[in-house]
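A short worksheet on the structure shown next.
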Amino acid sequence: MPVFSLDPAETAWCAELRALATERLRPLADRGGPGRVNRPLLAELGRLGLLERVFHSTALDLCLLRESLAQGCTEAETALALQGLGAHPVAVAGTEGQRARWLPEVCAGRAVAAFALSEPGAGSDAAALALRAEPDGGTGGWRLTGEKRWISNAPEADFYTVFARTSPAPDPDPAPSRIAAPGGSPAPASAPSRSRGVTAFLVPAGRPGLTGAPIEMLAPHPVGALTFDAVPVTRADVLGEVGRGFRTALATLTLFRPSVGAFAVGMAQSALDATVAHTATRTAFGGPLKELQSVAHQVAEMATRTEAARLLVYAAARAYDTGAPGVPARAAMAKLYATETAQYVVDAAVQLHGARALQRGHLLEHLYREVRAPRIYEGATEVQRTIIARELYG
């Protein structure tokens, strides 16, 4: 019972998406292998027009799309989101030729995209990336050397949006103002300056010297590592401007952060719905669980936090769409609160269901594995707090 003022058309669209997720996408997801790109699922997302919608939607539409799919099929939601994340830099910064070559294939579900930013030593501190783009003699191009890690859709993607250093990072200010970061370590305020000299490249799979390997993760979607051994790239592979690639990365993350929150809200709502049904019918101590005050109050708390998270997500998306001030902080708040809430709600749902929720194949067992990762990717919870604090003290 969301109180945000969605219009009737938006409400009907969300209901249609939930039905599609359950009836048409869930069976395809069930036939896929964990940790592998599910190309039949992507093709169906393309046939339904949902992948194309990602590139022609408002931020609010993207949130509604991801939340609704997540309630019925988290695999479909994730497959769609990864296509958007990997190809969004092409859509906003690519040349006419790059867009014509790749975007129709992505929207049809025939080409798999990947966003290659994280590295073994550059996760939360993305500006510290070290993948080198070294000038390639007199060709005017570069050779990419280094590693990327924890890249969704790797190593099965058909192309990668790769962020690499075309010039050395400036030395950080030896005495910058600092804000606490994960683990108590300081996050230098000069971090943005270290992002200078980063260039975004569109790198098709199959380039000489590009290899990859899958990484087995807790969540079931595909994640891998990439090794670049003097991989050739040219001026025609550059996305946007040389040395300004980090802006493209941040623009992509700012758009997608509220919708990561929407994914989390969808999972929380799915867990909440299952818990309401279970506690209304499961008997213990002479009556249904819902008649135990401790249980009823727990479910009420789950519902309240889920609705609060939903409102933060929708508000951040609306702010993005209207060009309101403070979008980075609003997006960070939405991602932070929604992902933390989803973790709480799914964990509480497991507790109220008991041992049955831990059985392989149970909805909550699946959600329990899915819900942990969003608190880390696209900026960990601690990074979101740093962004919010910087905005407050800016």
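Values quoted throughout were computed directly from the atomic coordinates according to the rules given, and no laboratory measurement underlies them. Computed from a prediction, not measured in an experiment: that's the story for all the values here. Cβ coordinates were reconstructed from backbone atoms using ideal geometry, including for glycine residues, and neighbour counts include every protein chain displayed.
Before moving on, here are some points about what is shown:
- Placing a label point 7 Å from the Cα of residue 292 along the Cα-to-Cβ line, the residues of the stretch 321-365 whose backbone N sits under 16 Å from it are 348-357.
- The stretch 291-332 and the stretch 127-154: distance between their alpha carbon centers, rounded to Å: 38 Å
- Burial ordering of 67, 147, 44, fewest other beta-carbon atoms within 10 Å first: 147, 44, 67
- Percent of Cα pairs exceeding the 24 Å cut-off, where the set is the stretch 8-108: 21 percent
- Proxy reagent accessibility, fewest Cβ within 10 Å first, across 290, 335, 148: 290, 148, 335
- Binning the alpha carbon pair distances of the stretch 1-48 at 5 angstrom intervals from zero yields the distribution 5, 19, 22, 18, 13, 11, 9, 4, expressed in whole percent.
- Once the Cα atoms are used to define both axes, helix 74-93 deviates from the longest principal axis of the chain by about 30 degrees.
- Packing order of peptides 295-301, 50-56, 158-164, highest average first: 158-164, 50-56, 295-301 (average count of other Cβ atoms within 10 Å over each peptide's residues).
- Cα-based shape type of the stretch 283-394, given that a ≥ b ≥ c are square roots of the gyration tensor eigenvalues and the cut on a/c is 1.5: prolate
- Taking N as the residue count of the stretch 335-394, its C-alpha radius of gyration divided by 2.2 N^0.38 Å amounts to 1.41.
- Percentage relative contact order, the chain, counting C-alpha pairs under 8 Å, at least six apart: 16 percent
- Near residue 36: Cβ cut-off under 15 Å, other residues only, Lys/Arg at +1 and Asp/Glu at -1. The net charge is -3.
- Charged side chains reduced to their Cβ positions (Lys and Arg at +1, Asp and Glu at -1) give the chain a dipole of some 240 debye around its Cα centre.
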